[in-house]
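Participant: Take a look at this one; I'll ask things after.
The values are calculated or read from the model by the stated rules, or taken from the named source; none is laboratory data. Please read all numbers here as calculations on a predicted model, not as lab measurements. Methodologically, a virtual Cβ is constructed for each residue, glycine included, from the backbone with ideal geometry; neighbour enumeration extends over all protein chains shown.
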Amino acid sequence: MGPASPGIRDGRVLLIPLFMCVPTGVRQMRRRRFEQKLPAASGRSRPARALFRAGAAAAALIALAAGGIALRIQAENALQSAGPLPASLRLPGEMRLLVISPHPDDEALGCGGLIARVRGAGGQVRVVFLTNGDAFKVAAGREERKIRPTPQDLIEFGAERQREAMLAGMRLGLRPSDLVFPGFPDRGLTRLWTTNWAVPFTSGYTGVSRCPYRLAHRPGAAYTGQELLDVLKEVIAEWNPVLICAPSPLDDHPDHYAAYAFTTAALAELQMQGRLPEGRPHLMTYLIHRGQWPVPRGASPSRPLVPPQPLAGEAAHWELFPLRPHEVTAKQAAIEEYRSQTGVMGSFLRSFVRSSELFAREPLRAVAALPDGAIGLDGRGTGWEAVDAQVLSPQADTVGRALRRGADITGLSVARDSRNVYLRVRTAGSRSKGVSIRVEARALGPDGFRAVEVAAGAPESPPPGIRMRWKGRDLEVAVPAERLGDASLVWVGASTRYLGLTVDKTGWHLLEMPGRVLTARKTSPPAPARPPAG
Ligand SMILES: [Zn+2]
């Protein structure tokens, strides 16, 4: 869990189209009135009143439509419980489980029952809490009895959440020594992945650019992507887990999908350096934030946790982990230890108290290898016919996305020839005013990581050497291959904004890069490093 619960974020998204559409509605009404030459009647207040009424009526209509969409999404999710359940997760015999938790409480919500099972069977568990959850101002303010908590209040709140995590861990059979607290910045993990890989990030909440916690894995560690990657690599290499449970790349919360990216990056680099045993560890992901999911809210201990409807059939292979009654009880007790969280969003947290937990295997898809010049970047989609989108994003799964179709991403496709890597973002509707799209690629090759970021529709031009074309529903980008190095793996993701607020985002997904290609060269490509997928 993090500070921006999906409800809050969806609320913000919902407001954007309303804000934009109301003046349009008023303008249309005003024009119609003018055309009909309605008498102004007596006094100046009547047309103003009529205008106000028309505006209010338009706003009400849009609110009604938005409400209808929200209800539809909720109903579809509720229906999922009646559908066929995913297959059951089978655990390896010898168990060393590593849970990657972006904030204190995600481990209990996503994996509390699994942790209890492993500990009950004598297995070992480590939990890495990437952040102490110190950006959650609402909860901190409640805790400190202040409307505006200071940076120091937020650091103290982070230390309090750390204590809650220890109490919750005890409910699941964990000792404080099983818990790792690197203390990275809450609401900052995406920045560490994108802009602050090497230069420390300063948290806008706590005001610090180094871990301020005394009881931390490395007190004073710099807030950089490289540092976070090093911590994860160190924990994985030293502790040698059989199974890693990390957040899903499909999670709505930025810290959560960044946690997936960092976890897979740590695994990939360890694999490349020959520091992982053959076939280990397995990686499974868990989902916490996705629109209105889970439905219904509140504890339902006899109901299984099933995937959100828009994600049920695609992208990930889901597996159900049925819990025993005492494991459900232990999980619920662990969740209740997070008093600072249950006080502000108890019903959301308790909606993970179910008869099962839900995990997914992320398929490792490959970048499509095409002959030189196959992709025209001509705005007509030439060359893309042969490429299936490697990253699919559900359509109209929030009110904001349903109403602003030009910002609703449906898929991200990636291809390469011997000269360029091509990325195409497709949206549900055509390019529209006010919408901007950001595409990011971070590649891993023999000489480390290289990243490229392109923003379209924002007041910035693409970095030198990068070409792009945005026409209709497609934004196409061509990145010279050398900008990404001799990469064998690449993480790609896209996001859209409307009036400065995020509408859609894909998270970052790991793809295999085919070896140096094709028609131009005849050398055999090197075998791509395959990170341990489940
Ligand atoms: Zn979280």
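Residue-wise test of (1) within 13 Å of the ligand (Cβ to nearest atom); (2) surrounded by fewer than 24 Cβ atoms within 10 Å (Cβ to Cβ); (3) assigned to a helix (DSSP H, G or I).
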site	(1), (2), (3)
104	yes, no, no
118	no, yes, yes
122	no, yes, no
142	no, yes, yes
148	no, yes, no
161	yes, no, yes
165	yes, no, yes
168	no, no, yes
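Participant: Also, I was wondering about something else. Could you figure out which of (1) under 25 Å from residue 199 (Cβ atoms); (2) over 24 Å from the mean Cα position of the chain (by Cα) isn't true of residue 240?
Facilitator: If we test residue 240 against (1) under 25 Å from residue 199 (Cβ atoms); (2) over 24 Å from the mean Cα position of the chain (by Cα), just (1) comes out false.
Participant: Given the condition farther than 18 Å from residue 426 by Cβ, of a type in the set (A, V, I, L, M), modelled with pLDDT of 90 or more and more than 24 Å from the chain's Cα centre (by Cα), answer yes or no: does some residue in segment 462-469 qualify?
Facilitator: Checking segment 462-469: at least one residue is farther than 18 Å from residue 426 by Cβ, of a type in the set (A, V, I, L, M), modelled with pLDDT of 90 or more and more than 24 Å from the chain's Cα centre (by Cα).
Table: residues versus (1) aromatic (Phe, Trp, Tyr); (2) within 20 Å of the chain's Cα centre (by Cα).
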site: 133; (1), (2): no, yes
site: 148; (1), (2): no, no
site: 155; (1), (2): no, no
site: 161; (1), (2): no, no
site: 197; (1), (2): yes, yes
site: 219; (1), (2): no, no
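Participant: Suppose the filter is more than 21 Å from residue 151 (Cβ to Cβ) and either over 25 Å from the mean Cα position of the chain (by Cα) or more than 16 Å from the ligand (Cβ to nearest atom) (or both); does residue 232 pass it?
Facilitator: Details: more than 21 Å from residue 151 (Cβ to Cβ): yes; either over 25 Å from the mean Cα position of the chain (by Cα) or more than 16 Å from the ligand (Cβ to nearest atom) (or both): yes.
So residue 232 fits the description; yes.
Participant: Taking only segment 268-290 into account, find how many residues are within 29 Å of residue 109 (Cα to Cα) and part of a loop (DSSP other than H, G, I, E, B).
Facilitator: Total meeting the criteria: 7.
Participant: Another question, then. From the list 367, 391, 414, pick out the single residue that is buried (at least 21 other Cβ atoms within 10 Å of the Cβ) and touching a His at 6+ places or on another chain (Cβ under 6 Å). Explain how you work it out, then say what you get.
Facilitator: Details: 367 fails: touching a His at 6+ places or on another chain (Cβ under 6 Å); 414 fails: touching a His at 6+ places or on another chain (Cβ under 6 Å).
When all the criteria are applied, what remains is 391.
Participant: While we're looking at this one, here's another question. For segment 347-357, enumerate the residues that are buried (at least 24 other Cβ atoms within 10 Å of the Cβ) and either of a type in the set (S, T, N, Q) or touching a strand residue (DSSP E or B) at 6+ places or on another chain (Cβ under 7 Å) (or both).
Facilitator: 357
Participant: Pull up segment 64-102, narrow it to residues that are assigned to a loop (DSSP other than H, G, I, E, B) and either at pLDDT 95 or above or among the small types (Gly, Ala, Ser) (or both), then point me to the one that is nearest to the ligand (Cβ to nearest atom).
Facilitator: Quick first cut of segment 64-102, residues assigned to a loop (DSSP other than H, G, I, E, B) only: 81-86, 89-95, 102.
If we keep only those that are either at pLDDT 95 or above or among the small types (Gly, Ala, Ser) (or both) too, we end up with 81-83, 93, 102.
Values: 81: 24, 82: 28, 83: 27, 93: 31, 102: 5 Å.
Here the answer is 102.
Participant: Would you tally the residues in segment 303-345 being modelled with pLDDT of 95 or more and small (Gly, Ala, Ser)?
Facilitator: 3
Participant: Could you say which residue among 231, 235, 199, 295 is of a type in the set (Val, Ile, Thr), touching a Pro at 6+ places or on another chain (Cβ under 8 Å) and outside the structural domain of residue 392 (by TED's automatic domain parsing)?
Facilitator: Values: 235 fails: touching a Pro at 6+ places or on another chain (Cβ under 8 Å); 199 fails: touching a Pro at 6+ places or on another chain (Cβ under 8 Å); 295 fails: touching a Pro at 6+ places or on another chain (Cβ under 8 Å).
Matching residue, one of 231, 235, 199, 295: 231.
Participant: Sort out which residues of segment 243-294 are more than 10 Å from the chain's Cα centre (by Cα) and within 16 Å of the ligand (Cβ to nearest atom), and write them in order of number. Step through it out loud before you land on a result.
Facilitator: Start the filter on segment 243-294 by keeping residues that are more than 10 Å from the chain's Cα centre (by Cα), which leaves 243-246, 262-286, 291-294.
Hits for segment 243-294 are 245, 246, 262, 263, 285, 286, 291, 293, 294.
Participant: With aliphatic (A, V, I, L, M) and touching a Gly at 6+ places or on another chain (Cβ under 7 Å) as the only criterion, which of 284, 272 stands out?
Facilitator: Working: 272 fails: touching a Gly at 6+ places or on another chain (Cβ under 7 Å).
Just one listed residue meets the conditions, 284.
Participant: Would you pick out the residues in segment 208-257 that are in a strand (DSSP E or B), farther than 24 Å from residue 89 by Cα and out of contact with any Ser or Thr (no Cβ under 8 Å at 6 or more places or on another chain)?
Facilitator: As a first pass, look at segment 208-257 and keep what is in a strand (DSSP E or B): 210, 222, 243-247.
Then keep just the ones that are farther than 24 Å from residue 89 by Cα; that gives 210, 222.
Within segment 208-257, 210 is the sole residue that qualifies.
Participant: Going residue by residue through segment 364-379, is there one that turns out to be closer than 30 Å to residue 168 by Cβ and either part of a loop (DSSP other than H, G, I, E, B) or of a type in the set (S, T, N, Q) (or both)? Break it down stepwise before answering.
Facilitator: Going residue by residue through segment 364-379, those that are closer than 30 Å to residue 168 by Cβ are none.
Scanning segment 364-379, I find no residue that is closer than 30 Å to residue 168 by Cβ and either part of a loop (DSSP other than H, G, I, E, B) or of a type in the set (S, T, N, Q) (or both), so the answer is no.
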